[in-house]
Amino acid sequence: DNPDFPALILGNYLLGGTGSGRLPARVREKEGLSYSTYSYLSAGSLDAAGAFGLSSIYAPQNRARVEDAIREELARALDQGFGNAEFDAAKKGFLEARRLARSQDRGIAGRLASYLFLGRTFAWDIDFEKRIAALAPAQVHDALRRHVDPKKLSVVKAGDFR
């Protein structure tokens, strides 16, 4: 219910919450450095707590280049934000994905069960999607800058790097 939540969700989607986000587009598609690269955002429905993270699966010899590319793209998003065409396409894609999810019984059943516990109805979804649809690029940029600090991200590497 945080006022920045819709902007953060869309900002994550633009960064790497989808295969066409900036991170996978650069690291996987453009430079061919990873098998998978994405970002994620989770937020508590009951508590004011959340997490933002980035992940990439890559060959050991690409480690430094992957880390540099991720840092550069994150910095670029936080410094410059997103262009109108990129932003509009992401907003449209995100809202279409939510509509599609509502057409699947499993997703609806899970959401109904969750909403019974939280005391929510689908009116929350309607309001959330209206808030997403009304967002401007500057709002997403500002929310990301307020809540994502690259200096506070922990870097964890696992694998055989010999």
note = Matching residues in the stretch 37-53 (in contact (Cβ under 8 Å) with a residue 60 or more places away in the chain and not in a strand (DSSP E or B)) number 2
note = residue 11 fails exactly one of (1) open to solvent by 40 Å² or more (accessible area, probe 1.4 Å); (2) under 30 Å from residue 125 (Cα atoms); (3) at pLDDT 95 or above, namely (1)
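Residue by residue, here is whether (1) free of Cβ contacts under 8 Å to residues at least 12 places away in the same chain; (2) under 21 Å from residue 19 (Cα atoms) holds:
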{"position": "35", "(1), (2)": "no, yes"}
{"position": "66", "(1), (2)": "no, yes"}
{"position": "71", "(1), (2)": "no, yes"}
{"position": "85", "(1), (2)": "yes, yes"}
{"position": "90", "(1), (2)": "no, yes"}
{"position": "112", "(1), (2)": "yes, no"}
{"position": "115", "(1), (2)": "yes, no"}
{"position": "142", "(1), (2)": "no, no"}
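The values are calculated or read from the model by the stated rules, or taken from the named source; none is laboratory data. Owing to the predicted nature of the structure, the values given are computational and were not obtained by experimental measurement. For neighbour counting, all protein chains shown are included, and Cβ atoms are generated from backbone atoms with ideal geometry for every residue, glycine included. Surface accessibility is based on the protein's heavy atoms, side chains included, excluding ligands, DNA and RNA. Shrake-Rupley method; radii C 1.70, N 1.55, O 1.52, S 1.80 Å.
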